[in-house]
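Heads up: the structure comes next, in structure tokens.
The values are calculated or read from the model by the stated rules, or taken from the named source; none is laboratory data. Because the structure is a prediction, the values reported are computed rather than measured. Cβ placement follows ideal geometry from the backbone for every residue including glycine, while neighbour counts extend to all protein chains displayed.
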Amino acid sequence: MKILTTMPFPEWHRERLERTYPGILWRICRSTGEALEFLPGADILVTYGDGLTAEVLRRASKLRWIQSFAGGLEHIPFDVLREREITLTSAKGVHAVQAAEHTLGVMLAFVRQLPFFVRMQEQARWEDHVKLDEIHQKTVCIVGLGAMGMEIAHRALAFGMRVTGVNSDGRTVAEVHKTYPRDQIDLAIAEADFVVLAMPLTAASERRFGTREFSLMKRSAFLINIARGKVIDEPALVRALQEGQIAGAALDVFVEEPLPAESPLWKMPNVIITPHVAGRSPRYLDRALEIFETNLEAFLAEKPLPLNVVDLEKGY
């Protein structure tokens with residue numbers, strides 16, 4: 001059996017995998033381009049998905065399973081997977097802890113005015129006549145109650161917040177005070193002090209948040225996007241921020257990355273920008289490999305894969 005990767009592993013990880021699975025031929029490549037010549041012989045592909053086009057994937061004539069280590073799956077050619085009946089598993093859960101900490105961090109930054117105080121520190125100005133607030137008893141609405149959304153909910157409860165959420169059918173979820181089905185998202189965002197976008201990017205979620213949604217939010221509410229930039233209509237968000245329809249936004253993802261220098265978002269005092277790092281952690285690879293190896297044990301035993309099997313019709 002041959003396992004091909006399109007990203008490098010630290011040497012100690014590689015050595016451990018080769019010791020643990022001696023009957024497997026591992027081909028560790030640094031990119032999809034470097035992996036191209038080995039694709040026809042691969043049974044399993046481990047990848048972040050960069051450069052994995054339909055044309056590239058059709059070269060992999062023996063491929064039976066793809067393990068994605070990426071946060072999103074929008075770069076994967078699902079049509080080829082369905083056509084060839086290739087199983088896809090995701091890295092769902094590997095971002096949950098760090099993304100939740102990031103989310104609570106920016107919430108606290110907004111209510112405690114930390115961006116303002118950093119600017120004042122740079123100018124050596126003592127400005128203590130500033131309105132401060134708490135997140136205690138505030139309502140956070142989490143749009144997308146997957147692993148990341150649930151980790152945010154868990155931490156928000158520890159701060160005494162009221163937690164609401166949006167999922168496909170409004171089913172009850174542990175640690176969420178109230179859930180709304182997708183078709184009642186208007187009600188959910190209208191009552192929230194913080195709206196957190198944590199859903200996958202699909203055809204249904206692309207540009208899901210635009211002028212109408214921002215007009216429904218409280219003028220005192222903050223938007224936090226740790227999902228994908230394309231779930232937001234970015235020009236509509238700029239207008240909403242400029243016109244005071246919402247109080248501010250913390251954005252980790254953008255339609256175009258890196259965010260162009262001419263974007264007005266850079267200079268808005270009520271916006272916190274981070275460069276797609278909410279999911280970063282020194283433990284990321286360890287967590288992703290744990291998912292992969294659990295599935296690999298099942299694959300080798302010819303059993304159904306137990307973790308994160310993606311519905312190829314839904315896209316997540």
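Among the residues in segment 266-273, are any surrounded by fewer than 12 Cβ atoms within 10 Å (Cβ to Cβ) and either touching a Leu at 6+ places or on another chain (Cβ under 8 Å) or not in a helix (DSSP H, G or I) (or both)? Spell out how you get there, then give the answer.
Applying the first criterion (surrounded by fewer than 12 Cβ atoms within 10 Å (Cβ to Cβ)) to segment 266-273 yields 266-267, 269.
Filter once more, keeping what is either touching a Leu at 6+ places or on another chain (Cβ under 8 Å) or not in a helix (DSSP H, G or I) (or both): 266, 269.
The answer is yes; a qualifying residue exists.
For segment 172-205, give me the residue count where each residue is within 20 Å of the chain's Cα centre (by Cα) and touching a residue at least 40 places away in the same chain (Cβ under 8 Å).
So the answer is 12.
Which count do you get for residues in segment 280-316 that are assigned to a loop (DSSP other than H, G, I, E, B), of a type in the set (A, V, I, L, M) and farther than 20 Å from Gly146 by Cα?
Here the count works out to 1.
Considering every residue within segment 203-225, establish whether at least one is within 23 Å of Ala100 (Cβ to Cβ), in contact with an Asp or Glu (Cβ under 7 Å, 6 or more places away or on another chain) and part of a helix (DSSP H, G or I).
So far as segment 203-225 goes, no, none of its residues is within 23 Å of Ala100 (Cβ to Cβ), in contact with an Asp or Glu (Cβ under 7 Å, 6 or more places away or on another chain) and part of a helix (DSSP H, G or I).
Strands (runs of 3 or more DSSP E) wholly in segment 85-190 with at least 1 residues that are among the polar types (S, T, N, Q) and surrounded by fewer than 19 Cβ atoms within 10 Å (Cβ to Cβ) - which ones?
Once the strands (runs of 3 or more DSSP E) in segment 85-190 are filtered for at least 1 residues that are among the polar types (S, T, N, Q) and surrounded by fewer than 19 Cβ atoms within 10 Å (Cβ to Cβ), what remains is 87-89.
Quick check on my filter: what residues within segment 38-64 are among the β-branched types (Val, Ile, Thr) and more than 16 Å from Trp26 (Cβ to Cβ)?
Thr53, Val56 - these are the residues of segment 38-64 that are among the β-branched types (Val, Ile, Thr) and more than 16 Å from Trp26 (Cβ to Cβ).
Can you tell me how many residues in segment 243-291 are under 22 Å from Val140 (Cβ atoms) and of a type in the set (Asp, Glu)?
So the answer is 1.
Do we have Asp286 as buried (at least 17 other Cβ atoms within 10 Å of the Cβ) and closer than 18 Å to Gln98 by Cβ here?
Answer is no for this residue.
Need pairs with beta-carbon distance below 9 Å; first residue at positive phi and within segment 43-70, second of a type in the set (Ser, Thr, Tyr) and crowded, with 16+ Cβ neighbours inside 10 Å; sequence gap 6+ or separate chains.
Gly49/Thr6; Gly49/Thr32; Gly49/Ser68; Gly51/Thr6; Gly51/Thr32
Spot the failing condition for His13; the list is (1) surrounded by 15 or more Cβ atoms within 10 Å (Cβ to Cβ); (2) within 29 Å of Arg283 (Cβ to Cβ), and only one is missed.
Failed condition: (1).
How many residues are out of contact with any strand residue (DSSP E or B) (no Cβ under 9 Å at 6 or more places or on another chain) and surrounded by fewer than 18 Cβ atoms within 10 Å (Cβ to Cβ) if we restrict to segment 191-215?
Matching residues across segment 191-215 total 7.
Let me confirm something: among Gly33, Gly41, Gly23, which residue is within 26 Å of Ala301 (Cβ to Cβ), of a type in the set (Gly, Ala, Ser), loosely packed, with under 14 Cβ neighbours inside 10 Å and in the same structural domain as Arg59 (by TED's automatic domain parsing)?
Gly23
So, in segment 50-62, how many residues would count as being crowded, with 21+ Cβ neighbours inside 10 Å and within 30 Å of Ser281 (Cα to Cα)?
2
Out of Val277, Val255, which single residue is modelled with pLDDT of 95 or more, surrounded by 15 or more Cβ atoms within 10 Å (Cβ to Cβ) and either of a type in the set (A, V, I, L, M) or assigned to a strand (DSSP E or B) (or both)?
Val255
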